[in-house]
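Notes to accompany the following structure.
Every number here is computed from the coordinates shown, using simple stated rules; none is lab data. Computed from a predicted structure; not experimentally measured. We place every Cβ from the backbone using ideal geometry, glycine too, and count neighbours over all the protein chains shown.
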Amino acid sequence: MARATGRMMLDHYVGLPFAERGRDGDGLDCWGLLRLIYREQLGITLPSFADAYMTTEDGVALADLMAGNMGPWIEVARDSERVGDGVLMTLAGQPRHIGIVAAPGFVLHIERGMGSIIEPFTSPRISRRIVGLFRHRSAA
């Protein structure tokens, strides 16, 4: 059963393989997954950022990358989340991991060593790592 909000269906993005700086269905990192979904589901082209870091664990904070392009992003309260909102999370203690709201209280994301999965915000792996939720102005 597909999760959808009239515009987005995300279940077919589950199980995609991880690849550092990956930007297509052959292999993705967390930003690549968000970027792919935004392009395919919303027609929004996000910057690649693939040149901005070597690996997802090299110390580059995604929050810093987004800050340079924060104009199109609006922080939203957790109780007003919508499918498609970005979920900024920590990785090794820094805000450098991103997922996407797949359903209220659930995030679709991908990390090294696993394919893309949907997990509840309450999952022990996720709950303490969530920094904030962000909505792209074009998707508002």
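Data table
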item	result
Residue 80/residue 24 FRET efficiency (R0 30 Å; Cβ-Cβ; nearest 0.05)	0.45
Distant-in-sequence amide H partners of residue 44 (H built 1.01 Å from N, under 5 Å)	39
Amide H contacts under 5 Å for residue 20, placed H, 5+ residues apart	none
Residue-count net charge about residue 36 - beta-carbon cut-off 9 Å; Lys, Arg +1, Asp, Glu -1	+1
